[in-house]
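Undergrad: One structure follows; several queries about it will come next.
The values are calculated or read from the model by the stated rules, or taken from the named source; none is laboratory data. Since this is a predicted model, take the numbers as computed values, not measurements. When we count neighbours, we look across all protein chains shown, and the Cβ atoms used for this are built from the backbone with ideal geometry, even at glycine.
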Amino acid sequence: MSIPALPLHGITVVSLEQAVAAPFATRQLADLGARVIKIERPDGGDFARGYDEAVHGHSSYFVWLNRSKESLTLDVKSAPGQVILGELLDRADVFVQNLGPGAAARLGVDAPALARSHPRLIPCTVSGWGTDGPWADRKAYDLLVQCETGLLSLTGTPAHMAKVGISVADIAAGMYAYSGVLTALLQRATTGTVMTVEVSLFEALAEWMGSPAYYTRYGAGQPARTGAEHATIAPYGPYDIADGTVLLAVQNEREWRSLCATVLGDAAIADDPRFGSNAARVAHRTELNGLLRAALADLDAAAASALLDRAGIANARINQVRDFLDHPVLAGRDRWRPVGVPGGTVAALRPPVDLAGVEPVMGPVPALGEHTDAILRELGRSDTTITALRHQAVV
């Protein structure tokens, strides 16, 4: 079978991006073969470059989000920079930006302006709270959005709230921006119609809040904070065993009956009125957990896992990040690939979607401005002109 071309080969994306959400969207486009030209400030670039120095002196966030891109330094507020940006957009298929409130309009690259100046260009805007509405002018960062959507109130223990340990609002927005751009590219290819794409961090995470939102509006109130236990399903959570902890999950009545017969050793427990439905088990979680702890307390990890497997009950270890890095599934499915960073190489995970016959692009993470000269030469600038632009701090 011949290897197909990369799905987005021939697509050019220009991005005025920073932090997490928009870079995550464009990195996924780059994974599929799009050329992504990342425009960065000459005086330091994407501020995510400075979040930490954990990866050979580079930021862990930046390394994760920016492989396979070209970095062009450009002062887009300057007159020469505006000209260069316009020429890049002339050649582009997609423009992605997550600038601060009002910045894109001031630069003349908001969606309405681009519809007039570049009618074939697909503009994608990633905002905090939406480009209109009462909060359009407010800044938004991931943890602020976790707070405003109510996610923070659901996460943690009964005594203490806790943020989600990853940038979940940014990641959600980046995923929707990515899928929105793909949809718009398909629409343009099949009908010739160009549509704008917009996603906000708040509305992306609001979508992910669907289950607790329905539960709160139409049920008995907001789900409780239950630590590592599932708030609305039982039994579903961690249990102490002789040499650590095992997490188990029961998803349906068939599994519940099997758990009673095989793990608890008493099939009649399944029909106890306190435990006869999931809602009843949640209401009587304390009593149920007592039975499970008694059944599992003397087993080591291997014996507990074997018993739960025999009962057909899903179970897991509670890994640390180091355990995840060495996970046998990742090794056994050959998910790691080498990716270059300035001054070194890192192990990076393949994108999670496998397309038959397609090996994703796993190109290097660019140094700040690494591709500036080459891109400017493509636009017809001479070496003398490039030198002058550098002297003027345009690039």
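Undergrad: If you scan the stretch 335-373, which residues turn out to be touching a residue at least 60 places away in the same chain (Cβ under 8 Å) and part of a helix (DSSP H, G or I)?
TA: Passing the criteria: only 372.
Undergrad: Give me a count of the residues in the stretch 191-243 that are in a helix (DSSP H, G or I) and of a type in the set (Lys, Arg).
TA: Of all residues in the stretch 191-243, those in a helix (DSSP H, G or I) come to 191, 201-208, 210-218.
Still in the list and also of a type in the set (Lys, Arg): 217.
Looking only at that region, the number is 1.
Undergrad: So, in the stretch 85-102, of the ones that are without any contact (Cβ under 8 Å) to a residue 40 or more places away in the chain and in a helix (DSSP H, G or I), which residue ends up farthest from residue 395 (Cα to Cα)? Walk me through how you get there before you give the answer.
TA: Initially, the stretch 85-102 is screened for residues without any contact (Cβ under 8 Å) to a residue 40 or more places away in the chain, giving 86, 90, 100-102.
This time we only want the ones that are in a helix (DSSP H, G or I), so: 86, 90.
Values: 86: 15, 90: 19 Å.
Step by step, filter the stretch 85-102, then rank; the result is 90.
Okay, residues lined up against (1) more than 26 Å from residue 59 (Cα to Cα); (2) touching a strand residue (DSSP E or B) at 6+ places or on another chain (Cβ under 7 Å); (3) surrounded by fewer than 17 Cβ atoms within 10 Å (Cβ to Cβ):
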{"site": "338", "(1), (2), (3)": "no, yes, yes"}
{"site": "346", "(1), (2), (3)": "no, yes, no"}
{"site": "349", "(1), (2), (3)": "no, yes, yes"}
{"site": "375", "(1), (2), (3)": "no, yes, no"}
{"site": "389", "(1), (2), (3)": "yes, no, no"}
{"site": "395", "(1), (2), (3)": "no, yes, no"}
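Undergrad: Given the options 204, 224, name the one that is of a type in the set (A, V, I, L, M, F, W, C) and not assigned by TED's automatic domain parsing to the domain that holds residue 154. Steps first, answer last, please.
TA: Working: 204 fails: not assigned by TED's automatic domain parsing to the domain that holds residue 154.
Exactly one of 204, 224 is of a type in the set (A, V, I, L, M, F, W, C) and not assigned by TED's automatic domain parsing to the domain that holds residue 154, namely 224.
Undergrad: On to the next question. Within the stretch 115-133, how many residues turn out to be without any contact (Cβ under 8 Å) to a residue 60 or more places away in the chain and either buried (at least 21 other Cβ atoms within 10 Å of the Cβ) or not in a loop (DSSP other than H, G, I, E, B) (or both)? Talk me through it step by step, then tell me what you get.
TA: Initial filter on the stretch 115-133 (without any contact (Cβ under 8 Å) to a residue 60 or more places away in the chain): 116-118, 132-133.
After this cut, where a residue has to be either buried (at least 21 other Cβ atoms within 10 Å of the Cβ) or not in a loop (DSSP other than H, G, I, E, B) (or both) as well, the list is 116-117.
So the answer is 2.
Undergrad: Which members of the stretch 144-190 meet the condition of being aliphatic (A, V, I, L, M) and exposed (fewer than 14 other Cβ atoms within 10 Å of the Cβ)? Quick ask: steps written out before the conclusion?
TA: Taking the stretch 144-190 first, the residues aliphatic (A, V, I, L, M) are 144-145, 151-152, 154, 159, 161-162, 164, 166, 168-169, 171-173, 175, 177, 181-182, 184-186, 189.
159, 162, 166, 186, 189 - these are the residues of the stretch 144-190 that are aliphatic (A, V, I, L, M) and exposed (fewer than 14 other Cβ atoms within 10 Å of the Cβ).
Undergrad: Let me ask another. Among the candidates 367, 393, which residue alone is of a type in the set (A, V, I, L, M, F, W, C) and at positive phi?
TA: On the way: 367 fails: at positive phi.
The match here is 393.
Each row is one residue, and each column tells you yes or no for (1) under 21 Å from the mean Cα position of the chain (by Cα); (2) modelled with pLDDT under 95; (3) not β-branched (Val, Ile, Thr).
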site: 62; (1), (2), (3): yes, no, yes
site: 67; (1), (2), (3): yes, no, yes
site: 73; (1), (2), (3): no, no, no
site: 87; (1), (2), (3): no, no, yes
site: 112; (1), (2), (3): no, no, yes
site: 118; (1), (2), (3): no, no, yes
site: 121; (1), (2), (3): no, no, yes
site: 125; (1), (2), (3): yes, no, no
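Undergrad: While we're on this one: If I filter the stretch 304-321 down to residues being free of Cβ contacts under 8 Å to residues at least 24 places away in the same chain and assigned to a helix (DSSP H, G or I), which single residue comes out as surrounded by the most Cβ atoms within 10 Å (Cβ to Cβ)? So that I can check it myself, show each step before the final result.
TA: Taking the stretch 304-321 and keeping what is free of Cβ contacts under 8 Å to residues at least 24 places away in the same chain, we get 306, 309, 319-321.
Filter once more, keeping what is assigned to a helix (DSSP H, G or I): 306, 309, 321.
Working: 306: 13, 309: 11, 321: 7.
The qualifying residue surrounded by the most Cβ atoms within 10 Å (Cβ to Cβ) is 306.
Undergrad: Does the stretch 262-272 contain at least one residue that is free of Cβ contacts under 8 Å to residues at least 60 places away in the same chain, in contact with a strand residue (DSSP E or B) (Cβ under 8 Å, 6 or more places away or on another chain), in a helix (DSSP H, G or I) and surrounded by 13 or more Cβ atoms within 10 Å (Cβ to Cβ)? Give the steps one after another, and end with the answer.
TA: Step one: list which residues in the stretch 262-272 are free of Cβ contacts under 8 Å to residues at least 60 places away in the same chain, which gives 262-272.
Remaining after also requiring in contact with a strand residue (DSSP E or B) (Cβ under 8 Å, 6 or more places away or on another chain): none.
Looking through the stretch 262-272, none of the residues is free of Cβ contacts under 8 Å to residues at least 60 places away in the same chain, in contact with a strand residue (DSSP E or B) (Cβ under 8 Å, 6 or more places away or on another chain), in a helix (DSSP H, G or I) and surrounded by 13 or more Cβ atoms within 10 Å (Cβ to Cβ).
Undergrad: Of the residues 75, 52, which single one is within 17 Å of residue 370 (Cα to Cα), assigned by TED's automatic domain parsing to the domain that holds residue 103, assigned to a loop (DSSP other than H, G, I, E, B) and of a type in the set (Asp, Glu)? Can you show your working first?
TA: Working: 52 fails: within 17 Å of residue 370 (Cα to Cα).
After applying the criteria, what remains is 75.
Undergrad: If you don't mind, another one. What's the number of the condition residue 356 fails, among (1) at pLDDT 95 or above; (2) under 25 Å from the mean Cα position of the chain (by Cα); (3) surrounded by fewer than 17 Cβ atoms within 10 Å (Cβ to Cβ); (4) closer than 25 Å to residue 30 by Cβ?
TA: (1)
Undergrad: Here are some conditions: (1) more than 28 Å from residue 392 (Cα to Cα); (2) within 19 Å of the chain's Cα centre (by Cα); (3) surrounded by fewer than 17 Cβ atoms within 10 Å (Cβ to Cβ). Residue 30 meets all but one. Which one does it not meet?
TA: Tallying (1) more than 28 Å from residue 392 (Cα to Cα); (2) within 19 Å of the chain's Cα centre (by Cα); (3) surrounded by fewer than 17 Cβ atoms within 10 Å (Cβ to Cβ), residue 30 fails exactly one: (3).
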